[in-house]
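Worksheet: the structure to be examined is printed underneath.
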Amino acid sequence: MIFVLLGALVIGLSLGVFGSGGSVLTVPVLLYLLHHEDKVAIAESLGIVGAIALVSAIPYARARLVHWPTAFLFGVPGMLGTYVGAWIASYVTGQLQIMVFAGTMFLAAFLMWRNSHPSPSEWTPSEKLPVPKIAAEGFAVGALTGFVGVGGGFMIVPALVLLGGLPVKRAVATSLIIIAMKSTTGFWKYLRTLDEMNLSIDWTVFVTFVVIGALGSLVGKQLNARIAPNILQRAFAIFLVAMSLLVLARESWSIIAITSTVPAEVPIRIAHQDHCHTEQEFR
C-alpha cells in the first residue's frame, strides 16, 4: 500500500510539473502492484488521470496561463479521437494494448528529452493558429489516448509549443485541460466496454489515486515555478525508459510462458483421440 500511495503521489507530481506523464505511471502501478486486469487498469488510468489533470489545471487557470482557444481546438477533436481509439480497443486483446503502451512510453521519453530546454517567458498569441494541423494532431493523440489509456500530455505539450506557438509553461497549463477533456470521454466509453465484459472499476482505488494524485499535482505546480523544468524532464525521460523496458520484459515473458504450454497440450489431445467414440466426446 505504501508503494501504491507513493505511486499516486508521483503521478500527481508529474502532471503538476510537466502537464504529462501521469498515465504512463498509472497503468504499470495498477497492473503490477495492484494486479488489476489490463483493460480495467487502462480504464481506471483514464479516469484517474483525467480527474487529477482537471484539479491540476485550476491553479494554472487562475494564473491565466491556459490558452483556451488552443485548448478547445486541440481538445474537441481529441475527444472524438479518444472515443474512436477506445472503440477499436474493444476488439483487441489487453496484452496487445499493453505492448503498444510500452512503445508509447519510449516515445514519451524521447519527446520529453528532446524538448527539455528552457522556454522564453515572454509570449504574445499567434495571430493565426494552424487550425487543420492542430485539429488533426488532436484527433491522433486522442486515438492513442483511447487505445492505450495514456493522457498524451507528452505529445500534446510539444505540439502546443511547435504548432500553437506557446511557451512550455502555457503549453503545460493548456495540456491539462485537453487531457481532462479526452480522458473523460475515454473513461466513459471504457465503462460501457467493461460492463459488457462483466468487469468493473475498483472505486476505492480510483478515489484514493485521485485524492493523493490531486494533492501531488498541487505540489508539482509549486515545483514547476521553482525548479528548472528541463532538468526534471530529462530525469523523468530516463525513468520512463526504465519503466518501458520493465513493461516489455514482463509482457514478453507472459507471451513466452503461454506459448510454451501449447506443444505440451497437443500430444495429450491427440493421444486421447483414439479413445473417443464420437466427435462430441473428443471435444
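Since every read-out is calculated from the coordinates, none of them should be taken as a lab result. The structure displayed is predicted, hence computed values, not measured ones. All Cβ positions, even for glycine, are placed from backbone atoms using ideal geometry, and neighbour counts span all protein chains on display.
The listed peptides 138-148, 70-80, 46-56, 100-110, ordered by packing as a protection proxy, come out as 46-56, 138-148, 70-80, 100-110 (highest mean of other Cβ atoms within 10 Å first).
Each of D202, D195 was scored by other Cβ atoms within 10 Å of its Cβ. Listed from fewest to most, they are D195, D202. Amide H contacts of L166 (H built 1.01 Å from N, in plane; Pro and chain starts excluded): V161 sit under 5 Å, all sequence-distant by 5 or more or on other chains.
Taking 0.36 nm per residue of separation and subtracting the current Cα-Cα distance, fully stretching the chain between L191 and A63 would add 42.7 nm.
In this structure, the amide hydrogen of G151, modeled 1.01 Å from its nitrogen in the peptide plane, lies closer than 5 angstrom to those of S23, V24, counting only residues at least 5 positions away or on a different chain.
Sorting R170, R226 from the fewest to the most surrounding beta carbons within 10 angstrom yields R226, R170. Each residue of the range 45-54 was assigned a 3J(HN,Hα) from its phi angle through the Karplus expression (A = 6.51, B = -1.76, C = 1.60, θ = phi - 60°), giving 4, 4, x, 5, 5, x, 5, 5, 4, 5 Hz with x at Gly and Pro. Annotation: amide H-H contacts under 5 Å for H67 (H modelled 1.01 Å from N, sequence separation of 5 or more, or interchain): T174.
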